[in-house]
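The values are calculated or read from the model by the stated rules, or taken from the named source; none is laboratory data. On a predicted model such as this, the values are computed, not experimentally measured, just so you know. Neighbour counts run over all protein chains shown; Cβ positions are idealised from the backbone, glycine included. These accessible areas exclude ligands, DNA and RNA; they are computed on the full protein's heavy atoms, side chains included. Shrake-Rupley method; radii C 1.70, N 1.55, O 1.52, S 1.80 Å.
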Amino acid sequence: MRPRSLVALVCIWLSLAAAAAGQDGRAASAPQPVDGVTRLVDAIQRAADAGDANAIRSLARPGLRATQLTEFIQSLAEPKVSRATVKERDRAVVDGRVRMLLEILTERDIEGRVTTWRLDVEPVGSDLDGPWGIAYIERLTTVGGLYRLSLDGSSEFDVRNLTISQPDLSLVLPSGYAFMARTPDGPTALVLIGKGHMAFTPKPEAERGQLKIFSGSEALKTEFDTVFLRLNSSEFSDQISADSLKRRSAVDPGHLRRATQVLETYLPKSFQIDLNDLSTASWSLEPSGSDFVAEVVTGRYGPLTYARANAEPEDISFFDRRKHRNIAVYPSDTKLASRGRFFSEDEKLEYDVKHYEIDVSFAPDRLWVDGTAKITIHTRAAFLSTLTLRLADPLVVRSISSPQFGRLLHLRVVGQNNVLVGFPATIVGNTDLELDVTYGGRLPPQSIDREAITQQQEPSPQEAIPVPLEPQYMYSNRSYWYPQAPVTQYATAKITASVPGELDVVASGTQRGPATLLPAPPGQRPRRKFVFEAARPTRYLAVFISRFVSAPPSVIRVQDDDDPLTLTVETNPRQTNRARGMSEKAADILKFYASLLADAPYDSFTLAVTESDLPGGHSPAYFAMLNQPLPTTPFVWSNDPVSFQNYPSFFVAHELAHQWWGQAVGWKNYHEQWLSEGFAQYFAALYAEHERGSDQFVGVLRQMRKWAIEMSPQGPVYLGYRLGHLKGEGKVFRALVYDKGAMVLHMLRRLLGDDAFYAGLREFYATWRYKKAGTDDFRAAMEKAGGRSLERFFDRWIFGSGIPSMRFTSRVEGGQLLARFEQKGDVYDVPVTVSITYADGTTENVVVPVTEQTVSRAIPLKGAVRSVEVNKDGGALVEMEK
Ligand SMILES: [Zn+2]
């Protein structure tokens, strides 16, 4: 976890001057050894270092346009640079000349600028090994506004009664000292040292709840002894009152040393750009507009980061640096006014990816990945001169090019899984573009912690019999193993994956043909190649590598014969017996879900059954993996919100439901994850009822109810991953997003009745298939089906964290049971079951929708009453007063 939003906006600060287009886009080829060209590049480097304009001029061939040469000279030598770094990126032979791409970093004082140039060069004489000259120059991309920041050691300031105010934050420093770091435009960083007070008081109730979990209080008030600020230099005088900083007559060297240490610790944590091999120095961008970061070092909580990032839909964040956790993330009042209550992470996207074509080779023993990706994108932004690709930080980008523009400038944002790609020309909206990315590096697979259960017991070293598990490698949504859009997005894909010959691959898509053996050089192990095609859009792509035995595929008829679904079950070799019957079970589950929603979103499905010490699973589009614990496992997991000990099929039913919920219908942002997990959980419960009857269903619901009620005070379902996050308690997340989410659906079903509920669910599914939905969209579909407002229902159950408490009384009068419910406090919409047991032993269940402070209902009786019970089926999240 990283402080969100500090660098997502980087593109804004890159002042990319786009030169005219007009590249012929000749394919880039590998550099060829033409020594004369290399010597010319060296000559440019030497001339720039020396600030020698004439030396550059002397490299021109007759016919080179004067304007081109002047621009080149001004960029490199006028005024003289303190340092220039010239790198040749690309070389091709075009029309008898050599066309090359240079990336040049020019440094003047603390400011850096990266420019890419296209140069056509030719030999001066007939000897290719003789001198070469420049025949054509074109500036492609310029990235400016890069600074090597350091403290101004010549000025120390005394601090007197300094107050810094940001939305919901105040920092007060009565006395202390300060140092600044500046760009030519003014101060952009400030180090404050002294005993001060911080107050952070988030407005939203859910955020106050999280702050209370973190600090014990809904408002955090604590002392600090150091603050590091970053802001735009033009904002400095608004934020920092000139009266509060007085320049000292002399700098205290001890103070300067301490302040320098603070700068060196916190400067690299945000607004940093990696210039690849152009420079090893640390380069900073200036925050844009009113963006603001305060790193506040407190005695009690360690360093805390408050950030304001205007480009984010939730522009305020508060972050615990020690534990790497988000404490608060929410919109300011201004942001809320501009965007409304709900948002989609897609709204700020600059482009849509339409199709991925990925060719990737894995060496799992070295955790090594090498790949090429062809990405077909469609631009959304009106104008685009850079775009951001997401790719795991450890992976090195070797090249990015496009048929339209040739090789493209790319820079890494430090500490983020982001790559910035610069274009030589501004691209207008609604343009189709292809990017070719070559990349590779050491990338460990992701753990399967999404659905997994945490161990509750350390294995005892004496008793544990070590059984070496079949190795498995999952590269999926959290490993960023291929270059992709910054947020999940629906796209079609083709994946070609090669692995060592003894391993198998399951991936997002339908496998095309059997694996093919790749010719291996002598002495090397053979490798196998697998091809998958995802013809229907998927949110993200996954590759799962292990050793498998395949059962013959079976074809399931979903709706009619035109719509078959091919099911394949693959198992680790030792799991084949235990997985027997899994194929029939999976087919039955898939058929059941398809009948509920009148559709199956993907035309093939592979279930990979693997061995593990703990149960768990992961379900990308087109496949799911399911960890089956070996009998020898030393772990115990019975006491977990998602472990249904008396219904072993629950896990597989949950994972399969994700093909519909989570994959086909996605979620707009992290708040909406219950639309995936709560729905998958409820569908698994429905399958339990379908397969085993109502007693099994009631047993599952009771467990969900217990966990949901126990954990509800930890926050609303709408907090998504942040539930339990501050204390690393996965159980809280699973109890609320999974179990409470499922209970909310169950209550909704009983409130609307089965017909309206399933009609609404089908409409919601059909409308949002291959799209990302939100709670507001779900509410709209259910309101339409149910013909009533559900505003309060969702406000209480999804956006609120309370559990209603009510009193129930009943008496028999005139052949009727007079039942009365009275809610204490806030009114919830909650359907409660009244179970009447008659003298003859028969039972009648009546669902009463309790939607007012008090609800009375006269239930006609069929005989003498032996007993009356309320919420016996556990179908309502309610606490009954005795
Ligand atoms: Zn799940």
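Annotations
- Boolean, Ala337 is surrounded by fewer than 16 Cβ atoms within 10 Å (Cβ to Cβ), aliphatic (A, V, I, L, M) and under 24 Å from Glu286 (Cα atoms): no
- Cβ-Cβ distances below 7 Å connect the following pairs, each with a first residue in the stretch 373-400 that is closer than 16 Å to Asp346 by Cβ, a second residue that is among the basic types (Lys, Arg), and a separation of six or more residues or different chains: Ile377/Lys354; His378/Lys354.
- Within the stretch 733-788, considering residues that are among the aromatic types (Phe, Trp, Tyr) and in a helix (DSSP H, G or I), the one farthest from Ile803 (Cα to Cα): Trp768
To keep it simple, each residue is scored yes or no on (1) polar (S, T, N, Q); (2) touching a strand residue (DSSP E or B) at 6+ places or on another chain (Cβ under 7 Å).
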{"position": "Gly130", "(1), (2)": "no, yes"}
{"position": "Ile134", "(1), (2)": "no, yes"}
{"position": "Glu138", "(1), (2)": "no, yes"}
{"position": "Val143", "(1), (2)": "no, yes"}
{"position": "Leu146", "(1), (2)": "no, yes"}
{"position": "Gly153", "(1), (2)": "no, no"}
{"position": "Arg160", "(1), (2)": "no, yes"}
{"position": "Ser165", "(1), (2)": "yes, no"}
{"position": "Ser170", "(1), (2)": "yes, yes"}
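- When Leu630 is tested against (1) more than 30 Å from Glu345 (Cα to Cα); (2) open to solvent by less than 10 Å² (accessible area, probe 1.4 Å); (3) more than 13 Å from the ligand (Cβ to nearest atom); (4) of a type outside the set (Lys, Arg), just one condition goes unmet, and that condition is (2).
- Across the stretch 717-728, a minimum of one residue is classified as within 16 Å of the ligand (Cβ to nearest atom), in a helix (DSSP H, G or I) and open to solvent by less than 30 Å² (accessible area, probe 1.4 Å).
- Residue within the stretch 176-189 that is of a type in the set (Lys, Arg) and open to solvent by 50 Å² or more (accessible area, probe 1.4 Å) present: yes
- Filtering the stretch 837-850 for residues that are surrounded by 15 or more Cβ atoms within 10 Å (Cβ to Cβ), in a loop (DSSP other than H, G, I, E, B) and either acidic (Asp, Glu) or at pLDDT below 95 (or both) leaves an empty set.
- Some residue of the stretch 329-352 being in a helix (DSSP H, G or I) and under 30 Å from Val499 (Cα atoms): no
- Near pairs, Cβ below 9 angstrom, 6+ apart or cross-chain, from the stretch 846-858 (more than 14 Å from Phe808 (Cβ to Cβ)) to any residue that is open to solvent by less than 60 Å² (accessible area, probe 1.4 Å) and among the small types (Gly, Ala, Ser): Ala858/Ala819
- Within the stretch 221-235, if we keep just the residues that are touching a residue at least 60 places away in the same chain (Cβ under 8 Å) and of a type outside the set (D, E, K, R), the residue that is farthest from Thr188 (Cα to Cα) turns out to be Thr222.
- Screening Leu675, Leu701 for residues that are within 12 Å of the ligand (Cβ to nearest atom), closer than 24 Å to Thr775 by Cβ and open to solvent by less than 20 Å² (accessible area, probe 1.4 Å) leaves exactly one candidate, Leu675.
- Within the stretch 251-273, the set of residues being more than 23 Å from Ser317 (Cβ to Cβ) and touching a residue at least 12 places away in the same chain (Cβ under 8 Å) comprises Val251, Asp252, His255, Leu256, Arg258, Ala259, Thr260.
- Filtered residues of the stretch 627-661 (kept if in contact with a Phe, Trp or Tyr (Cβ under 6 Å, 6 or more places away or on another chain) and of a type in the set (Gly, Ala, Ser)): Ser643, Ala653, Ala657
- Qualifying residue in the stretch 802-818 (condition: polar (S, T, N, Q), more than 16 Å from the ligand (Cβ to nearest atom), farther than 17 Å from Val850 by Cβ and surrounded by fewer than 19 Cβ atoms within 10 Å (Cβ to Cβ)): yes
- Of all residues in the stretch 660-672, exactly one satisfies the criterion of being within 11 Å of the ligand (Cβ to nearest atom), surrounded by 24 or more Cβ atoms within 10 Å (Cβ to Cβ) and touching a residue at least 40 places away in the same chain (Cβ under 8 Å), namely Gln663.
- Residues being buried (at least 24 other Cβ atoms within 10 Å of the Cβ) and touching a helix residue (DSSP H, G or I) at 6+ places or on another chain (Cβ under 6 Å) - total across the stretch 633-657: 6
- The residues of the stretch 214-241 that are acidic (Asp, Glu), open to solvent by 80 Å² or more (accessible area, probe 1.4 Å) and either closer than 14 Å to Leu162 by Cα or assigned to a helix (DSSP H, G or I) (or both) amount to a single one, Asp238.
- Count - residues of the stretch 729-749 that are surrounded by fewer than 23 Cβ atoms within 10 Å (Cβ to Cβ) and touching a Ser or Thr at 6+ places or on another chain (Cβ under 8 Å): 2
- Matching residues, the stretch 854-882, being assigned to a loop (DSSP other than H, G, I, E, B), over 20 Å from Arg750 (Cβ atoms) and open to solvent by 50 Å² or more (accessible area, probe 1.4 Å): Lys862, Ala864, Lys882
- Filter pass, Ser244 being surrounded by fewer than 21 Cβ atoms within 10 Å (Cβ to Cβ) and modelled with pLDDT under 95: no
- The residue of the stretch 609-658 that is farthest from Met582 (Cα to Cα), among those that are touching a Pro at 6+ places or on another chain (Cβ under 9 Å) and modelled with pLDDT of 85 or more, is Ala621.
- Every pair of residues 6+ apart whose Cβ atoms lie under 7 Å, when the first sits in the stretch 198-209 and is under 29 Å from Pro174 (Cα atoms) while the second is assigned to a helix (DSSP H, G or I) and not polar (S, T, N, Q): Pro202/Arg208; Pro202/Leu211
- Test result for Ala594, more than 21 Å from Glu470 (Cα to Cα), more than 15 Å from the ligand (Cβ to nearest atom) and crowded, with 20+ Cβ neighbours inside 10 Å: yes
- Any hit, the stretch 273-285, residues being open to solvent by less than 10 Å² (accessible area, probe 1.4 Å), farther than 18 Å from Asn418 by Cβ and part of a strand (DSSP E or B): no
- Extreme residue, farthest from Leu64 (Cα to Cα), among residues of the stretch 97-131 that are open to solvent by 30 Å² or more (accessible area, probe 1.4 Å) and aliphatic (A, V, I, L, M): Ile110
Yes/no per residue for (1) open to solvent by 20 Å² or more (accessible area, probe 1.4 Å); (2) β-branched (Val, Ile, Thr):
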position: Gly523; (1), (2): yes, no
position: Tyr540; (1), (2): no, no
position: Ser546; (1), (2): no, no
position: Ile556; (1), (2): no, yes
position: Arg580; (1), (2): yes, no
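- Count of residues meeting criterion [more than 30 Å from Lys87 (Cβ to Cβ) and surrounded by fewer than 18 Cβ atoms within 10 Å (Cβ to Cβ)] in the stretch 256-272: 5
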